[in-house]
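S.K.: Quick one: structure below, then a few questions.
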Amino acid sequence: MAKVYNFSAGPAVLPHEVLATAQAELLDWHGSGMSVMEMSHRGKEFMEIIHEAEQDLRELLQVPAGYKVLFLQGGASQQFSMVPLNLAPADGVIDVLDTGHWSKLAIKEAKRYTNVNVVASSSDRNYAYVPTVESWQRSPNAAYFHYTSNETIGGLQYSDIPELGATPLVCDMSSDFLSREIDVSKFGLIYAGAQKNIGPSGLTVLIVREDLLGHAQPQTPTMLNYQIHADADSMYNTPATYPIYIAGLVFKWLKARGGIKGIQARNDEKAGLLYHAIDSSDGFYYSHIDAPYRSKMNVVFRLKDDALEDVFLSEAKKNGLVQLKGHRSVGGMRASIYNAMPIEGVKSLVHFMLDFARQHG
Ligand code: PMP
């Protein structure tokens, strides 16, 4: 087990147990004589895999009746087009909250297909907070409201679920999906790229309320039409079979660890340890995000002396702590501590940070 602690924002660390199961099953899945990668997506073996993955996900999130679960491709980025094409009329309007990099991309893309009203933005303070619901300038008849629950690059998390009456909530949950309990019935649509808390890249998971299907704009390409994928149970064309298989193993791994409630408690503990190390460093390390909005998945922090950042990264690497460099647009450090990051990894990082601050402070 010559593994490092991998703090990458995605593709990210996967549970060791999942990788070990995948390895054991690689050449011969459950006596089928072949690898999951080689199976027909319409064969009974793969049908069993995808069906079980969906059932386990439904169980984990207690997805209510009346919602479709879809396993799509194209990444979360493709949803920036699919959501407006399917849920908004070209001459209608959607409301969007701007909390950083990923909201901005969603806004830019949606503008190709409909009118976009940005209800509020925290760009005035470099995305250090989330504007309160009371300050939002909502449109009277938005087709839906879109927000990013966790800004992976900025390290900003919005854990409230806004109450917006009849306006359907659409959430890009790519980087905090399955990390905390949510009431799915409050949402019209949730989407998440897989490569953080679900499995390998190449898969996007969607949970969508059925009454929102069937209203796509007429020019919507077949492959971008939710109804097509929903009618075919994600089998309109060949789905990302291997990522779906791994996602299924991750769902089982979560279930065996107390489900979402269990993982949420561990995520709180991990984030608590790391932010405590930052806040008690006498300013050697600092976070620019207002405390209530600090992400529990992507802990973004800087060093008071930014000339030390490269030393920090190379020393960390020598200690088996890798992928800690922040996104180039933000700088500094980013420790992504998704579900699969063991608490030992976080403790090891905290230990290193304290040592480093002692040596260089
Ligand atoms: N939204 C968020 C919040 C993300 O973190 C990412 C990827 N890091 C994306 C969208 C885009 O995802 P993809 O690369 O799967 O298109």
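The values are calculated or read from the model by the stated rules, or taken from the named source; none is laboratory data. This one's a predicted model, so the numbers in the text were calculated from it and none came from an experiment. Note that we place each Cβ from the backbone using ideal geometry, even for glycine, and neighbour counts take in every protein chain shown.
S.K.: Checking the conditions here, which among Val330, Val346 is touching a residue at least 40 places away in the same chain (Cβ under 8 Å) and assigned to a helix (DSSP H, G or I)?
M.R.: None of the others qualify; the one that does is Val346.
S.K.: Ok, one more. For segment 251-273, does any single residue satisfy the condition of being surrounded by fewer than 18 Cβ atoms within 10 Å (Cβ to Cβ), assigned to a loop (DSSP other than H, G, I, E, B) and aliphatic (A, V, I, L, M)?
M.R.: Yes; the residues of segment 251-273 include at least one that is surrounded by fewer than 18 Cβ atoms within 10 Å (Cβ to Cβ), assigned to a loop (DSSP other than H, G, I, E, B) and aliphatic (A, V, I, L, M).
S.K.: Name the one entry in Thr220, Thr167, Thr152 that is within 23 Å of Pro84 (Cα to Cα), within 16 Å of the ligand (Cβ to nearest atom) and polar (S, T, N, Q).
M.R.: After ruling out the rest, the residue left standing is Thr152.
S.K.: How do the pairs read when you match residues in segment 302-314 that are modelled with pLDDT under 95 with residues anywhere that are surrounded by 11 or more Cβ atoms within 10 Å (Cβ to Cβ) and in a loop (DSSP other than H, G, I, E, B), using Cβ under 8 Å and keeping only pairs 6 or more apart or on different chains?
M.R.: Asp306/Gly331; Asp306/Gly332
S.K.: For segment 189-208, which residues satisfy the criterion of being buried (at least 24 other Cβ atoms within 10 Å of the Cβ), within 8 Å of the ligand (Cβ to nearest atom), part of a loop (DSSP other than H, G, I, E, B) and in contact (Cβ under 8 Å) with a residue 60 or more places away in the chain?
M.R.: Gln195, Lys196
S.K.: Suppose we filter Arg209, Arg266 for residues that are among the basic types (Lys, Arg), at pLDDT 95 or above and over 30 Å from Phe356 (Cβ atoms); which single one remains? Before the answer, list the steps.
M.R.: Working: Arg266 fails: over 30 Å from Phe356 (Cβ atoms).
One residue alone meets the criteria, Arg209.
S.K.: Residue check, Cys171 against (1) free of Cβ contacts under 8 Å to residues at least 24 places away in the same chain; (2) within 19 Å of Trp102 (Cα to Cα), all met but one. Which one?
M.R.: Cys171 satisfies every listed condition except (1).
S.K.: Name the single residue, out of those in segment 315-327 being touching a strand residue (DSSP E or B) at 6+ places or on another chain (Cβ under 7 Å) and assigned to a loop (DSSP other than H, G, I, E, B), that is modelled with the lowest pLDDT.
M.R.: Within segment 315-327, the match that is modelled with the lowest pLDDT is His327.
S.K.: Tally the residues that are among the charged types (D, E, K, R) and over 30 Å from His288 (Cα atoms), restricting the search to segment 157-215.
M.R.: Within segment 157-215, residues that are among the charged types (D, E, K, R) and over 30 Å from His288 (Cα atoms) number 4.
S.K.: Sticking with this structure for a sec: Here is a list: Glu59, Glu134. Which entry is closer than 29 Å to Ile260 by Cα and either out of contact with any strand residue (DSSP E or B) (no Cβ under 9 Å at 6 or more places or on another chain) or within 12 Å of the ligand (Cβ to nearest atom) (or both)? Walk me through how you get there before you give the answer.
M.R.: Working: Glu134 fails: closer than 29 Å to Ile260 by Cα.
None of the others qualify; the one that does is Glu59.
S.K.: What is the residue count in segment 223-242 for residues that are more than 19 Å from Lys44 (Cβ to Cβ) and in contact with an Asp or Glu (Cβ under 9 Å, 6 or more places away or on another chain)?
M.R.: Residues that pass the stated criteria total 1.
S.K.: What's the total number of residues in segment 98-121 that are without any contact (Cβ under 8 Å) to a residue 60 or more places away in the chain, within 14 Å of the ligand (Cβ to nearest atom) and hydrophobic (A, V, I, L, M, F, W, C)?
M.R.: Here the count works out to 3.
S.K.: Follow-up. How many residues, within segment 44-65, are without any contact (Cβ under 8 Å) to a residue 12 or more places away in the chain and either of a type in the set (A, V, I, L, M) or over 11 Å from Val184 (Cα atoms) (or both)? Working first, answer last.
M.R.: As a first pass, look at segment 44-65 and keep what is without any contact (Cβ under 8 Å) to a residue 12 or more places away in the chain: 44, 47-48, 51, 55, 58, 65.
Then drop every residue that is not either of a type in the set (A, V, I, L, M) or over 11 Å from Val184 (Cα atoms) (or both), which leaves 44, 47-48, 51, 55, 65.
Within segment 44-65, residues that are without any contact (Cβ under 8 Å) to a residue 12 or more places away in the chain and either of a type in the set (A, V, I, L, M) or over 11 Å from Val184 (Cα atoms) (or both) number 6.
S.K.: Additional query: I'd like to know if segment 7-14 contains one or more residues that are crowded, with 17+ Cβ neighbours inside 10 Å, farther than 30 Å from Phe145 by Cβ, within 16 Å of the ligand (Cβ to nearest atom) and of a type outside the set (A, V, I, L, M).
M.R.: Yes, some residue in segment 7-14 is crowded, with 17+ Cβ neighbours inside 10 Å, farther than 30 Å from Phe145 by Cβ, within 16 Å of the ligand (Cβ to nearest atom) and of a type outside the set (A, V, I, L, M).
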